[in-house]
1. Could you count how many residues in region 244-274 are open to solvent by 80 Å² or more (accessible area, probe 1.4 Å) and not acidic (Asp, Glu)?
2. Looking at 201, 248, which is the one that is without any contact (Cβ under 8 Å) to a residue 40 or more places away in the chain, outside the structural domain of residue 153 (by the TED database), outside any loop (DSSP other than H, G, I, E, B) and farther than 21 Å from residue 166 by Cβ?
3. Have a look at 215, 268, 237 and point out the one that is outside the structural domain of residue 169 (by the TED database), modelled with pLDDT under 95 and more than 19 Å from residue 168 (Cβ to Cβ).
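The values are calculated or read from the model by the stated rules, or taken from the named source; none is laboratory data. Every value quoted in this text rests on a predicted model; they were computed, and no experiment measured them. Reconstructed Cβ throughout: ideal geometry from the backbone, glycine too, with neighbour counts over all protein chains shown. Side chains included, ligands, DNA and RNA excluded: accessible areas come from the protein's heavy atoms. Shrake-Rupley method; radii C 1.70, N 1.55, O 1.52, S 1.80 Å.
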Amino acid sequence: MAAAFPTILSSLSLPTRESANNHISNPVQGSSCIVSLLKSCSNIREFSPIHGHLITTNLIHDPIMASHVLHFFVSGENLGYAHRVFSQTQEPETIIWTTLIENYLKDGFLDQVFLTYSHMVTQGVPLDISTFHFLIHACCRNLAFQRGTEVHGRILKSGMGRNKSLNNNLMGLYSKCGKLDDVRELFEKMPHRDVISWNTMISCYVQMGMPGKALNLFRDMQVDGVVADEITVISLLSACSKLRDLEMGEKLHRYIKKNDLEIGGNLLNCLVNMYRVWENGESTGDCG
């Protein structure tokens with residue numbers, strides 16, 4: 001197999017000096033062929049001519065292509081060699097590793113996401129905000145609470161513990177795992193909360209059977225000057241249905257009209273369910 005690689009690579013039209021800045025004459029075709037070769041590559045000896053071609057065509061500087069190369073190293077446990085290769089790229093190693101994690105996440109390979117994360121840590125590759133976002137999303141996919149708390153700890157160590165978007169995602173993870181205390185602790189420590197922060201906390205209260213606390217929190221949300229959206233109202237209408245609080249439900253209905261929220265889909269179902277509970281004492285179940 002190794003002997004065939006140079007022949008195949010030569011057919012990709014190596015660039016002249018004039019075309020070097022444009023990578024290769026047909027970058028899409030060339031990239032596709034290189035990816036195929038990488039997938040069939042089984043050792044460093046077979047990788048060497050591919051590596052040479054990547055350097056010659058400047059494809060080694062493409063983070064997506066580099067992530068395919070990294071996949072080869074991770075699969076073959078040749079991580080030490082990876083550092084030598086990526087020292088020649090213009091992109092930081094963090095971007096290359098994070099691109100690989102993103103691709104694994106898109107394809108649903110959650111075990112590979114966490115394995116790559118483990119390699120990043122052991123190899124001393126810094127993790128950035130994007131890396132942490134992908135890791136939290138992976139934890140949400142399979143409700144990996146323990147793994148999520150470990151990622152959370154690393155976020156704190158990295159100095160990103162006050163990042164609003166990361167905290168919102170962590171709250172979402174803990175809420176899905178039914179960890180009310182963890183959601184509330186994050187919420188209360190946030191110096192600045194947006195509508196996503198409030199929605200997650202309100203929704204968590206409703207899901208955990210505390211509709212009264214959800215409605216009280218909505219009042220705090222208004223005092224804080226944060227404007228509720230459709231997601232907020234859906235959770236609050238569900239809380240009203242559970243409490244059979246028609247008065248508050250009607251206030252929310254007026255709020256919907258005043259703020260021109262579109263009454264359709266889940267929001268319409270929630271309104272219908274609330275009025276049905278009040279009229280018949282029967283619920284069609286949680287809306288949203």
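1. 6
2. Among 201, 248, only 248 is without any contact (Cβ under 8 Å) to a residue 40 or more places away in the chain, outside the structural domain of residue 153 (by the TED database), outside any loop (DSSP other than H, G, I, E, B) and farther than 21 Å from residue 166 by Cβ.
3. The match here is 268.
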